[in-house]
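Asks: Right, I'll just put the structure down here and ask away after.
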Amino acid sequence: MTAGKTETVKGKGEKKELWRWSESRWTNPDIDWKKGEIVSAGIDIGSVSTQCVIMVDGELYAYASLRSGSSSDVSAERGSVKALEGTGMTIQDWDYCVGTGYGRVNIPMSKRAITEIACHGRGANWMYGPSIRTILDMGGQDCKVIRIDEKGKLLNFVMNDKCAAGAGRGMEVFADFVGVPVTEVGERSFDVDEEPDPVSSTCTIFAKSEAAGLLKEGWDVNKVLAAYSSATAHRVVELMDRVGLEEKLAITGGISKNRGVSDRIAKYCGMEFVPKIWHNSEYEKKQIPFDTQTAGAIGAALFAKALAEKEKGK
């Protein structure tokens, strides 16, 4: 893992890595997993982050979202341990586990590997509901636009065919370069008097060079963030136009947490961006603090449930 700049937290003397997104975990207090018929798990090993989702009879029971480690098997182990923390459950209690993401073929506890495109489609359908037909998955190294039907089945997709420009890792590098925590980039990009023109390139190297020039010209840091976020959003909308769009949009992956990009995407493409979770559940009236980065792992856990039922002859 490449270390970036650090900042001192005032009054505490602690150091914070500007490029690092917050990690998360959650357990559903309303589910007794020991009473469930099928415990399924999905593990999504991405280039930047790893998610482990555990479901009980198709309901979200627990998840963890962590930074990916040095290898897929290590990342899978860390993600599983974190998701299982405090639950009394072990990996041996899982009926079926599906792996997805870049590292899906190297997940020791998974029984099957399924592509992240199929898993994001299935997971986003569960999270956002059947009205969502267009999914924008903005990960650490690439961006995918996915078209699905009302059941979450893949219809079509397209992905960026160049570099990781404008993706999660590029945004981390850029945030580190201008000295702003990546978690603050979105909000600060809107704290400008007037929306600037986008930078000419979202390629990390050229964008950093251009940003340095703009700062030397006297541009405020927030204005530079707005120009970079705008360039990223424009680049994604061009990609979206290639696959065809429906009227509602769901954004998954780490960049979905950056409203500087996600809000601009919704504006530029003229689509309704649906930011909240929806699913047909007895718990649907209760607030579930889901993480948009878990969509792929949720889809994998749902596939795992179906495969477990098949094994049991249901």
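Asks: Any residue at all in segment 107-116 that is part of a helix (DSSP H, G or I), modelled with pLDDT of 95 or more and either touching a His at 6+ places or on another chain (Cβ under 8 Å) or of a type in the set (D, E) (or both)?
Replies: Scanning segment 107-116 turns up no residue that is part of a helix (DSSP H, G or I), modelled with pLDDT of 95 or more and either touching a His at 6+ places or on another chain (Cβ under 8 Å) or of a type in the set (D, E) (or both).
Asks: Starting from segment 72-94, take each residue that is surrounded by fewer than 22 Cβ atoms within 10 Å (Cβ to Cβ) and list its partners that are outside any loop (DSSP other than H, G, I, E, B) and of a type in the set (F, W, Y), counting only C-beta distances under 7 angstrom and pairs at least six apart or across chains.
Replies: Note: pairs meeting the criteria are T87/W33; M89/W33.
Asks: I'd like to check something: does segment 32-41 contain any residue that is hydroxyl-bearing (S, T, Y) and at pLDDT 95 or above? Don't jump to the end; show me each part of the working.
Replies: Step one: of segment 32-41, the residues hydroxyl-bearing (S, T, Y) are 40.
Next, only the ones that are at pLDDT 95 or above stay: 40.
Among the residues of segment 32-41, at least one is hydroxyl-bearing (S, T, Y) and at pLDDT 95 or above, which makes the answer yes.
Asks: Could you check A250 against (1) more than 23 Å from R20 (Cβ to Cβ); (2) out of contact with any Pro (no Cβ under 9 Å at 6 or more places or on another chain) and say which number it fails?
Replies: Status for A250: all satisfied but (2).
Asks: Looking only at segment 33-43, filter to residues that are surrounded by 22 or more Cβ atoms within 10 Å (Cβ to Cβ) and touching a Phe, Trp or Tyr at 6+ places or on another chain (Cβ under 9 Å); which one of those is nearest to W21 (Cα to Cα)? Outline the logic, then answer.
Replies: At the first step, the residues of segment 33-43 found to be surrounded by 22 or more Cβ atoms within 10 Å (Cβ to Cβ) are 39-43.
Keeping just the survivors that are touching a Phe, Trp or Tyr at 6+ places or on another chain (Cβ under 9 Å) gives 39-42.
Numbers: V39: 29, S40: 27, A41: 24, G42: 21 Å.
Residue satisfying both the conditions and the ranking: G42.
Asks: Is it the case that L225 is over 21 Å from G170 (Cβ atoms) and modelled with pLDDT of 90 or more?
Replies: No; evaluated as a whole, the condition is false for this residue.
Asks: Quick one: would you say K111 is in contact (Cβ under 8 Å) with a residue 24 or more places away in the chain, surrounded by fewer than 17 Cβ atoms within 10 Å (Cβ to Cβ) and among the basic types (K, R)?
Replies: Criteria met by K111.
Asks: Got a number for residues in segment 234-259 being over 15 Å from the mean Cα position of the chain (by Cα) and buried (at least 24 other Cβ atoms within 10 Å of the Cβ)?
Replies: 1
Asks: Taking the options E238, E217, E187, name whichever one is over 30 Å from D149 (Cβ atoms) and free of Cβ contacts under 8 Å to residues at least 24 places away in the same chain. Before the answer, list the steps.
Replies: On the way: E238 fails: over 30 Å from D149 (Cβ atoms); E187 fails: free of Cβ contacts under 8 Å to residues at least 24 places away in the same chain.
None of the others qualify; the one that does is E217.
Asks: Do you know which residues across segment 238-269 are farther than 22 Å from K208 by Cα and either in the same structural domain as E116 (by TED's automatic domain parsing) or among the aliphatic types (A, V, I, L, M) (or both)?
Replies: Residues satisfying the conditions are L239, M240, V243, L245, L249, A250, I251, A266.
Asks: Moving on. Among the residues of segment 101-129, write down those that are among the β-branched types (V, I, T) and more than 26 Å from K34 (Cα to Cα).
Replies: Selection gives V105, I114, T115, I117.
Asks: Would you mention how many residues in segment 44-57 are surrounded by fewer than 19 Cβ atoms within 10 Å (Cβ to Cβ) and more than 13 Å from R104 (Cα to Cα)?
Replies: Count: 1.
Asks: Under the condition of being out of contact with any strand residue (DSSP E or B) (no Cβ under 7 Å at 6 or more places or on another chain), more than 21 Å from A211 (Cα to Cα) and in a helix (DSSP H, G or I), which residue from segment 122-176 is modelled with the lowest pLDDT?
Replies: M127
Asks: Could you figure out which of (1) modelled with pLDDT of 95 or more; (2) out of contact with any Leu (no Cβ under 8 Å at 6 or more places or on another chain); (3) within 29 Å of K144 (Cα to Cα); (4) not aromatic (F, W, Y) isn't true of M55?
Replies: (2)
Asks: Taking the options E272, E309, name whichever one is at pLDDT below 80, out of contact with any Phe, Trp or Tyr (no Cβ under 8 Å at 6 or more places or on another chain) and acidic (D, E).
Replies: Just a single option satisfies the conditions, and that option is E272.
The values are calculated or read from the model by the stated rules, or taken from the named source; none is laboratory data. Owing to the predicted nature of the structure, the values given are computational and were not obtained by experimental measurement. Using ideal geometry, Cβ is built from the backbone for each residue, glycine included, and neighbour counts are taken over all protein chains shown.
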